[in-house]
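Just so you know, all these numbers are worked out from the coordinates, no wet-lab data involved. Just so it is clear, the model here is predicted, and its values are computed rather than measured.
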Amino acid sequence: MSKNPVVLEITIPSDIKLLSMLGDLVEVFLQKCLNNGSDISDLAFQMNLALTEASSNAILHGCKNNPEHYVKVKLELIDDSLTLEVSDNGSGFDLEAVSTPEPYQDKGRGLFIIKQLMDSVEYKVSDEETKFVMHKKIVPQSKAS
């Protein structure tokens, strides 16, 4: 684990074409920061999914896929604590009003998936931006053989 904080921040226009780049970014971030020989493929996949879902919500729902708006992503690893933060200057939404999706529902699974993958989530709205913060404790895995 990293003994010093590692923070990576990126700001992109609200453009759905850039979404996969953010998922790739968190995977590379974890691979480089947790380079201790352990298998982090499951963790990397899960964090890619959580960040992609949160970023997709920011781009499509918060900013209405308008490239004049922005989405900021911050990845932070301090000791065994990973924080993924997605901010946008769009309209926001009421997190408490989002219900659990029905089993065969086509849309609306993103927040449910995020809540299952992360240890905790926070949602903050200000006049300037909407911020969705996700926390995950990194549990050391045994080294791959």
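Work out, step by step, the length gained on full extension between I16 and S120: first 0.36 nm times the residue separation, then minus their alpha carbon distance; give nm to one decimal.
34.9 nm
Can you tell me how the range 2-137 classifies by the Cα gyration tensor, rounded, prolate or oblate, using a/c under 1.5 as the rounded cut?
Judged from the Cα gyration tensor, the range 2-137 comes out prolate (a/c at least 1.5, a/b above b/c).
Please give the contour-minus-distance gain from K137 to I113: 0.36 nm per residue of separation, less the Cα-Cα distance, rounded to one decimal in nm.
7.0 nm
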